[in-house]
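Scroll down for the structure; my scribbles are underneath it.
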């Protein structure tokens, strides 16, 4: 991110979910328009030889948040969504990136998908994030909101642990919240972990986006 000082630059960490290596314009894809990602690749550093440390959701995020291989602390599978299960989550022995940055004076925020445990102690607000907005499980519906706190893909979207009502597409909501976070903390060093669940299933585009592919 753009820094407010040489010592404590702002950090925006964006993660997409189940996003194919070749499913972006700057990798040669012609079917899926990705102009903003293409611009980031064009104007930034384009690394073509990077690898995640695990092939699926939660362990990858655990590695990202800890900077360690998942096998080191026993988080090698996706946790089941069960807020009453105090075993299914990123072990509390691990100090996460936002906790380190908070100690260094950063404002810390998480927006999007969590998937590192649903019990209270595993939640993002208890792992170093000062501001939170998103869902705790491994996936969620994008439209046609049917709230059921017992079903993973229909749990309420939460802001700082409190349920909120949404009517817009979930990806749009996450982007809006991210922009608001950046504006809200202008002038202060901040770290924002923006973890989109798109393009992970379910496939629920807006009518406007769907019309772009009406020929299919």
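The values are calculated or read from the model by the stated rules, or taken from the named source; none is laboratory data. Predicted model only: the values in this text are computed from it and were never measured. Virtual Cβ from ideal backbone geometry, glycine too; neighbours counted across all protein chains shown.
Note on region 120-154: residues that are assigned to a loop (DSSP other than H, G, I, E, B), modelled with pLDDT of 95 or more and within 21 Å of residue 85 (Cα to Cα) total 8. Filtered by the rule that a residue be crowded, with 19+ Cβ neighbours inside 10 Å and more than 26 Å from residue 8 (Cα to Cα), region 76-112 gives 79, 81, 88, 89, 90. Determine whether region 47-67 contains at least one residue that is in a loop (DSSP other than H, G, I, E, B) and farther than 22 Å from residue 198 by Cα. Yes - at least one qualifying residue is present in region 47-67.
Residue-wise test of (1) out of contact with any helix residue (DSSP H, G or I) (no Cβ under 6 Å at 6 or more places or on another chain); (2) under 28 Å from residue 24 (Cα atoms); (3) free of Cβ contacts under 8 Å to residues at least 12 places away in the same chain.
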residue: 63; (1), (2), (3): no, yes, yes
residue: 74; (1), (2), (3): yes, no, no
residue: 84; (1), (2), (3): yes, no, no
residue: 108; (1), (2), (3): no, no, no
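Consider residue 13 carefully, then state whether it is closer than 30 Å to residue 212 by Cα and either touching a strand residue (DSSP E or B) at 6+ places or on another chain (Cβ under 8 Å) or in a loop (DSSP other than H, G, I, E, B) (or both). The answer is yes for residue 13. For region 181-216, the set of residues classified as assigned to a helix (DSSP H, G or I), under 19 Å from the mean Cα position of the chain (by Cα) and closer than 15 Å to residue 168 by Cα is empty. Does residue 1 qualify as being modelled with pLDDT under 90, closer than 27 Å to residue 98 by Cα, touching a strand residue (DSSP E or B) at 6+ places or on another chain (Cβ under 9 Å) and part of a loop (DSSP other than H, G, I, E, B)? Considered against the rule, which asks whether it is modelled with pLDDT under 90, closer than 27 Å to residue 98 by Cα, touching a strand residue (DSSP E or B) at 6+ places or on another chain (Cβ under 9 Å) and part of a loop (DSSP other than H, G, I, E, B), residue 1 comes out as yes.
Just the residues that are over 28 Å from residue 151 (Cα atoms) and out of contact with any helix residue (DSSP H, G or I) (no Cβ under 8 Å at 6 or more places or on another chain), please, taken from region 48-61. Passing the criteria: 48, 49, 50, 51.
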